Amino acid sequence: MEKLNQKMTADVLQSDYAEKKIVFGEGKQNAKICMIGEAPGGDEEKQGRPFVGKAGKNLSSFLETIGLKREEIYITNVVKFRPTNVSPKTGNFVNRPPKKPEIDFFLPYLKKELEIIQPDMIVTLGNVPLKAVTGDDSASIGDMHGIMTTTKDGYKLFPLYHPAAIIYNRGLSEVYQNDLQVLKQYV
């Protein structure tokens, strides 16, 4: 994994994203479960670790629900830097969804991460990783959440809403809890 991260760093430095801070995946190198988010946010960028902000707190709580600890899984993002826009109101950077060229740039590294980890199961967190892992731009978390499936590469895939979705849409809380109970059966 270290060699992959070194190559990724070198490639990013030679790209249009050279000024961005990379947030690498982390966790157990031979984890049975790999969780994949879309991209780091502000807290993740500051700390240099995936899922450490509010969504990370939700994720830790969800892991507890299914009887797992963060140390037992591998967690990463499709895009390895924080995609931002400048807020017209404040002039500060705000998160935005990754753009297709950003996803396309990092997708080969994600695939290599999965080859190295060889997880028994991938849990995607939101639409961006679901589409990236399936290679299907029409894949929708609303249609696929909470249902075990298999990727073209033979990985078991369990899509979940992104943990931040519950922060912005409290109505998803019950759906998420139900999906976690289904996931728990496979863990």
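If you check M148, M121 for being buried (at least 18 other Cβ atoms within 10 Å of the Cβ), among the aliphatic types (A, V, I, L, M) and within 21 Å of F62 (Cα to Cα), only one passes: M121. Output yes when any residue across segment 156-172 is under 23 Å from A55 (Cα atoms), in a helix (DSSP H, G or I), at pLDDT 95 or above and out of contact with any His (no Cβ under 6 Å at 6 or more places or on another chain), and no when none is. For segment 156-172, residues under 23 Å from A55 (Cα atoms), in a helix (DSSP H, G or I), at pLDDT 95 or above and out of contact with any His (no Cβ under 6 Å at 6 or more places or on another chain): absent.
Pairs meeting the criteria (first residue in segment 173-187 and in contact (Cβ under 8 Å) with a residue 40 or more places away in the chain, second residue of a type in the set (G, A, S) and outside any helix (DSSP H, G or I), beta carbons under 8 Å, at least 6 apart or on different chains) are L183/G146; K184/G67; V187/G67. When D104, D179 are checked against the criterion of being assigned to a helix (DSSP H, G or I), surrounded by 18 or more Cβ atoms within 10 Å (Cβ to Cβ) and out of contact with any helix residue (DSSP H, G or I) (no Cβ under 8 Å at 6 or more places or on another chain), D179 stands alone in meeting it. Can you find a residue that is more than 18 Å from F24 (Cα to Cα), touching a strand residue (DSSP E or B) at 6+ places or on another chain (Cβ under 9 Å), buried (at least 20 other Cβ atoms within 10 Å of the Cβ) and free of Cβ contacts under 8 Å to residues at least 40 places away in the same chain anywhere in segment 61-79? Yes, there is a match, as at least one residue in segment 61-79 is more than 18 Å from F24 (Cα to Cα), touching a strand residue (DSSP E or B) at 6+ places or on another chain (Cβ under 9 Å), buried (at least 20 other Cβ atoms within 10 Å of the Cβ) and free of Cβ contacts under 8 Å to residues at least 40 places away in the same chain. Would you check if there is a residue in segment 115-138 being more than 17 Å from I66 (Cα to Cα) and assigned to a strand (DSSP E or B)? Checked segment 115-138: no residue is more than 17 Å from I66 (Cα to Cα) and assigned to a strand (DSSP E or B). Taking the listed residues E72, E44, the one that is among the acidic types (D, E), over 17 Å from V128 (Cα atoms) and more than 14 Å from the chain's Cα centre (by Cα) is E72, with no other qualifying.
Within segment 52-96, being assigned to a strand (DSSP E or B) and of a type in the set (S, T, N, Q) holds for T76, N77, T84, N85, N95.
The values are calculated or read from the model by the stated rules, or taken from the named source; none is laboratory data. The shown structure was predicted, so the numbers you read here are calculated from the model rather than taken from an experiment. Please note: Cβ atoms are built from the backbone with ideal geometry, for glycine as well, and neighbour counts cover all protein chains shown.
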